[in-house]
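Undergrad: Dropping the structure in here first, questions after.
The values are calculated or read from the model by the stated rules, or taken from the named source; none is laboratory data. None of these values were measured; they are calculated from a predicted model. Here the Cβ positions follow ideal geometry from the backbone for every residue, glycine too, while neighbour counts run over all protein chains shown. Each accessible area value is taken on the protein alone, full model and side chains, heavy atoms only, with ligands, DNA and RNA left out. Shrake-Rupley method; radii C 1.70, N 1.55, O 1.52, S 1.80 Å.
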Amino acid sequence: MGKIRAVLFDFDGTVSTLRAGWESIMAPFMKEEIVGSHLLSAAEEEQLDRDIAAYIDQSTGIQTIYQMQWLAEKVRASGWNEEVKDEWTYKAIYNSRLLEQVKKRVDLLASGQSAAEDYLIQGAADFIRTLYLRGLELYVASGTDHPDVVREAEVLGVAEYFRAIAGAPVGKADCSKEKVLRELMHVKGLAGHELAVIGDGKVEIQLAKEAGSLAFGLASDEVSRTGIDPIKKQRLLAAGADWIAGDFLNTEEWLERLG
């Protein structure tokens, strides 16, 4: 294996937990839009809850707009809610609800009631700083809207270590993770084996494997910000992860894995 020159991080759930719990906002929102004023039978409700949970689980890591496309199709297919909105409208509503929660956390940081470490996967800041000081090129690619991921990286005090932070382009359905990987390969002349990708979603793991790069799964319990979540671990291994960790506390093991 050649020497690793660059590391590409996913952000939410991999570095930051500012958006932890997004699933608990997305699931009821999706259900509300699909059902409308229709009265579900117990069997219909149980099946719908399963469908939504399964979709959210398998879509972790993709841009929100694609999740909202699924929602629009589901609303249309079920026929329960006569008002079928477009995916951009769904995204705007969902984002406004999620950002209410994120803003509360950012305000706690700004007021000093919380520390950045309270919203970082344990060991993340020190690990990122260590890689930076060793001369590796560090990048972030996220499915979160670009202005939001940049602001959140700044609030958490890690933005300065990344050569580039790429979030989802506002108003466009464009896979930022795929775009960043492509640019690293072609524009910066990196071979696949010179790049490592670290993320908690199957999207970035699969992209890394397709590029011939190292793919490390971060399967952290986002509440404690450490330790391995078995469901995440299973998802990431199925996507082809070369190794699974629950945090960044064991810097030496991470550095050894990176070669």
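Undergrad: Got at least one residue in segment 121-132 being farther than 30 Å from Glu252 by Cβ, in contact with a helix residue (DSSP H, G or I) (Cβ under 9 Å, 6 or more places away or on another chain), in a helix (DSSP H, G or I) and aromatic (Phe, Trp, Tyr)?
TA: No: segment 121-132 contains no residue that is farther than 30 Å from Glu252 by Cβ, in contact with a helix residue (DSSP H, G or I) (Cβ under 9 Å, 6 or more places away or on another chain), in a helix (DSSP H, G or I) and aromatic (Phe, Trp, Tyr).
Undergrad: Turning to a different aspect of this structure: In segment 30-54, what count of residues is obtained for those that are under 19 Å from the mean Cα position of the chain (by Cα) and either open to solvent by 70 Å² or more (accessible area, probe 1.4 Å) or without any contact (Cβ under 8 Å) to a residue 24 or more places away in the chain (or both)?
TA: Qualifying residue count, segment 30-54: 1.
Undergrad: Within segment 77-100, identify whether any single residue is crowded, with 18+ Cβ neighbours inside 10 Å and under 13 Å from Leu18 (Cα atoms), and answer yes or no.
TA: yes
Undergrad: Given the structure, is Ala238 without any contact (Cβ under 8 Å) to a residue 40 or more places away in the chain and open to solvent by less than 40 Å² (accessible area, probe 1.4 Å)?
TA: no
Undergrad: Is segment 152-161 home to any residue that is out of contact with any helix residue (DSSP H, G or I) (no Cβ under 6 Å at 6 or more places or on another chain), open to solvent by 10 Å² or more (accessible area, probe 1.4 Å) and of a type outside the set (Asp, Glu)?
TA: no
Undergrad: How about segment 181-220: which of its residues are in contact with a strand residue (DSSP E or B) (Cβ under 7 Å, 6 or more places away or on another chain) and surrounded by fewer than 19 Cβ atoms within 10 Å (Cβ to Cβ)?
TA: Lys209
Undergrad: Scan segment 1-21 and tell me whether some residue there is assigned to a helix (DSSP H, G or I), within 26 Å of Lys103 (Cβ to Cβ) and open to solvent by less than 60 Å² (accessible area, probe 1.4 Å).
TA: No, every residue in segment 1-21 fails to be assigned to a helix (DSSP H, G or I), within 26 Å of Lys103 (Cβ to Cβ) and open to solvent by less than 60 Å² (accessible area, probe 1.4 Å).
Undergrad: When the residues of segment 169-206 are narrowed to those that are hydrophobic (A, V, I, L, M, F, W, C) and within 14 Å of the chain's Cα centre (by Cα), which ends up farthest from Asp242 (Cα to Cα)?
TA: Applying the filter and picking the extreme gives Cys175.
Undergrad: Could you tell me whether any residue of segment 165-180 is surrounded by 15 or more Cβ atoms within 10 Å (Cβ to Cβ), in contact with a helix residue (DSSP H, G or I) (Cβ under 8 Å, 6 or more places away or on another chain), modelled with pLDDT of 90 or more and on the phi < 0 side of the Ramachandran plot?
TA: Among the residues of segment 165-180, at least one is surrounded by 15 or more Cβ atoms within 10 Å (Cβ to Cβ), in contact with a helix residue (DSSP H, G or I) (Cβ under 8 Å, 6 or more places away or on another chain), modelled with pLDDT of 90 or more and on the phi < 0 side of the Ramachandran plot, which makes the answer yes.
Undergrad: Ser59 fails exactly one of the following numbered conditions: (1) within 23 Å of the chain's Cα centre (by Cα); (2) open to solvent by 10 Å² or more (accessible area, probe 1.4 Å); (3) free of Cβ contacts under 8 Å to residues at least 12 places away in the same chain. What is the number of that condition?
TA: (2)
Undergrad: Looking at segment 133-151, which of the residues that are assigned to a helix (DSSP H, G or I) and open to solvent by 60 Å² or more (accessible area, probe 1.4 Å) is modelled with the lowest pLDDT?
TA: The selected residue is His146.
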